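K.L.:
Here it is, the structure, as C-alpha cells.
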C-alpha cells in the first residue's frame, strides 16, 4: 500500500463566501424560475399598470370604481397602483424564488453533494440569501425605473420632488416586500419542499391582506411596508417598519441555522 | 485515513447502523457489500457528516469528524446518492461549479472532461443527459480534484460496460497513488476485481469480511447473510422466551 500526505496539486485556494455567492448567482441567472419570476415582477407589474391605465382612460366605470384613488390618471394614481400590485404580487413572486433557491437542493437531490465540501452549509445558505438580496435590489430598481418610464410615456409630466419621494418609497416597498418574505426560506429549509414553501408564500400574501383589512396594519409586519408606501409615509412609523425588517432578519437567521445544523436521512 | 469506532445511529423506525468499527488506509480500496437496507448508505452519510452518530466516533485524516478543519474536506471526493449537478447548467459548468466549491484549480475541469470522454456533452444541459452520462458527470465531479479520500455509493449504477471498466481503472490508479477509497456496491464480482478488502453489512451491522480471491463469492456472501439472519432470529427468540419466563404467572 502506498501512503501520501494530503495532495495539494489541484487545490488552489480555500473557497470562501465569495465562491459560494458566485455559484449561487450563476445558478439563479441560468434558471427558468429566476427568469420567469423576474419577468413577472417587472414586466407583469408594468403590464398590469398599463392595462389599468388604458381601462380607466377608456372610461371603464367598473374598473374605475374598483381601482379607487389608483384610478387617477396622474403620478399619484400610478404610484398607488404600483404599490398595491407590489404589496400583493411581490410576496408571491419573491416567495417563489426563495422557495426554489432553498428547497431545490432537496428536490433535485443536490443537497447530498453540498456535504463533504470545504465550505459549510451555513455559508452556502448565507450565499443564497445574499444572492436573493442582490436580486431583490436589481428587481426593485428595474421596476422603479419602469414605473418612471410609464409615467413619462403616459405624459404625466416630469417628476416633482413629491413624485421622486413616491418613487423612492416604491423602490423601498419592493425591497421591504422581499425582506418580509424570508420566512418562506425557513419554511423551505424545514419542509425541504418547494411546493410547501410556495404554499407558505401564498399564506403570507393572504395574511398581509387580512392584516390590512383588520386595521392592525401598522403593527403587522407583513402589511406595514405597503401601508407606509401607499400613505406617503404617514400611516406607519419607524418602529413599525423596523418590525418588518426584524422579520426579514429573523427569517434569514433561522434559515442559516437550519442549514448549518442540517442532517439528511433522519 | 478513515476510522469508525463503535459508531451507532438508529432511527425511530428501528433501521440504522450499530457498533460499526473499521478503517480504510491510504492506498486501500475497501468495498462495502450488503442487501438493500443493510445500512451502507447510512454509513456513507455518517462519514460525510450528513448524519451525526449517537454513539462512537469517526476520524478522517486522523482527526475526529466534529473537529475536522473545514478546509480538509477539499481533499475528499464523494458521489453518494445524487450527483452535485444542476439541471439548468451544462456538463462543463457543473464540473466548474464543483471544482470552485472545493477550491480546485480550473485546469482540473478541462482535464476531467478529456479523461472521462465528456467533450461531446460539455455544452449540453445536465437535464438532457441519459442516466449513464449523468452518473459519469457525477463521478467526474467527485474525482476531478484528485482527492485523498473517496466515497462512492453504487458508482457503477447506470454505467455502460466501457464506463465500468474505465471507472475501475481510475479507482485503481487513485489507490496506487495513495488515496483511500470506500465503495459500496451490489455487484460482488465488480468490486472483487478492485477491492483490497470486502466487508459485509447486514441489518446495520458489519458481519465479517470476504476474501476478494475466494471461491464462489456470491454463495459465500449469501451463506454469511443467511447465518447472520438465523443467529438474529435465534437471539430474538431466546430473548422472547426469557421475557416470557420472567413474567409472573
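Every number in this text was worked out from the coordinates using simple rules, so none of it is lab data. No experiment lies behind these values; they were computed from the predicted model shown. Counting neighbours? That spans all protein chains shown, and the Cβs are built from the backbone with ideal geometry, glycine included.
K.L.:
Measuring from the lowest to the highest alpha carbon on each principal axis, how far does segment A:1-135 reach, largest first, in angstroms?
P.N.:
Result, largest extent first: 86, 26, 21 Å.
K.L.:
222 nm [θ] for chain B, helices only, -39500 (n - 2.57) per DSSP H run of 4+, per residue, to 500?
P.N.:
It comes out at -12000 deg cm²/dmol, rounded to the nearest 500.
K.L.:
Please report the spacing between the Cα centers of segment B:116-156 and segment A:33-71 in Å, no decimals.
P.N.:
Each part reduced to its Cα centre gives a spacing of 48 Å.
K.L.:
For segment B:60-106, what log10 I(q)/I(0) values come out of the Debye formula at q = 0.15, 0.18, 0.22 1/Å, with one point per alpha carbon and no solvent?
P.N.:
Reported log10 I(q)/I(0), two decimals: -0.49, -0.66, -0.86.
K.L.:
If you take the C-alpha gyration tensor of segment A:152-251, multiply each eigenvalue by 5 and take the square root, what semi-axes do you get, largest first, in whole Å?
P.N.:
They are 28, 16, 12 Å, listed largest first.
K.L.:
Taking each residue of B:86-97 in turn, how many C-beta atoms of other protein chains fall within 10 Å of its C-beta, and what is the average?
P.N.:
4
K.L.:
Further question on the same structure: Hey, got the average number of other protein chain Cβ atoms within 10 angstrom for residues in B:45-53?
P.N.:
Whole-number average of other-chain Cβ neighbours for B:45-53 is 4.
K.L.:
Still on this structure, I have one more. Note down the Stokes-Einstein diffusion coefficient of the protein assembly as shown in µm²/s, whole number, using a Kirkwood radius over alpha carbon pairs, 4 °C, and 1.567 mPa s.
P.N.:
Diffusion coefficient, whole number: 50 µm²/s.
K.L.:
Report Rg(Cα)/(2.2 N^0.38 Å) for chain A, keeping two decimals.
P.N.:
1.16
K.L.:
Going by average Cβ density within 10 Å per residue, which order do the peptides B:78-91, B:104-117, B:209-222, A:105-118 take, highest to lowest?
P.N.:
Taking the mean over residues of other Cβ atoms within 10 Å, the ranking is B:78-91, A:105-118, B:104-117, B:209-222.
K.L.:
More than 16 Å apart: what percent of Cα pairs in segment B:138-226 qualify?
P.N.:
Value for segment B:138-226 (Cα pairs over 16 Å): 56 percent.
K.L.:
Given Cα pairs under 8 Å that are at least 6 residues apart, what percent is the relative contact order of segment A:1-104?
P.N.:
Relative contact order comes out at 25 percent.
K.L.:
Hey, another quick one. Give the Kirkwood hydrodynamic radius (Å, one decimal) of chain B, defined as one over the mean of 1/r across all pairs of different Cα atoms.
P.N.:
19.4 Å
K.L.:
Quick check on packing: order A:172-179, B:187-194 by the mean number of other C-beta atoms within 10 Å, highest mean leading.
P.N.:
In decreasing order of mean packing, A:172-179, B:187-194 become A:172-179, B:187-194.
K.L.:
Helix-only estimate, please: 222 nm mean residue ellipticity of chain A, summing -39500 (n - 2.57) across DSSP H runs of length 4 or more and dividing by its residues, to the nearest 500.
P.N.:
Estimated from H runs of four or more residues: -23500 deg cm²/dmol.
K.L.:
Kirkwood Rh, Cα Rg: Rg to Rh for segment A:56-133?
P.N.:
So for segment A:56-133, dividing Rg by the Kirkwood Rh gives 1.32.
K.L.:
What's the average, rounded to a whole number, of partner chain beta-carbon atoms within 10 Å of each residue's beta-carbon in A:30-39?
P.N.:
Rounded to a whole number, the mean comes out at 2.
K.L.:
Hey, rough spin-label estimate for residue B:230 and residue A:238, points 7 angstrom out along Cα→Cβ, what's it come to in nanometres?
P.N.:
8.2 nm
K.L.:
At a 10 angstrom cut-off on C-beta neighbours, averaged per residue, how do the peptides A:224-230, A:160-166 rank from highest to lowest?
P.N.:
Numbers: A:224-230: 27.0, A:160-166: 14.1.
The packing order, highest mean first, is A:224-230, A:160-166.
K.L.:
Using every pair of alpha-carbon atoms in segment B:193-249, split the distances into 5 Å bins beginning at 0 and state the percent of pairs per bin, rounded to integers.
P.N.:
For segment B:193-249, the pair-distance distribution reads 4, 16, 20, 18, 12, 9, 8, 6, 4, 3, 1, 0.
K.L.:
Using 1/(1 + (r/R0)^6) with R0 = 56 angstrom and r between the beta carbons of residue A:138 and residue B:242, what's the FRET efficiency to the nearest 0.05?
P.N.:
Using R0 = 56 Å, I get an efficiency of 0.20.
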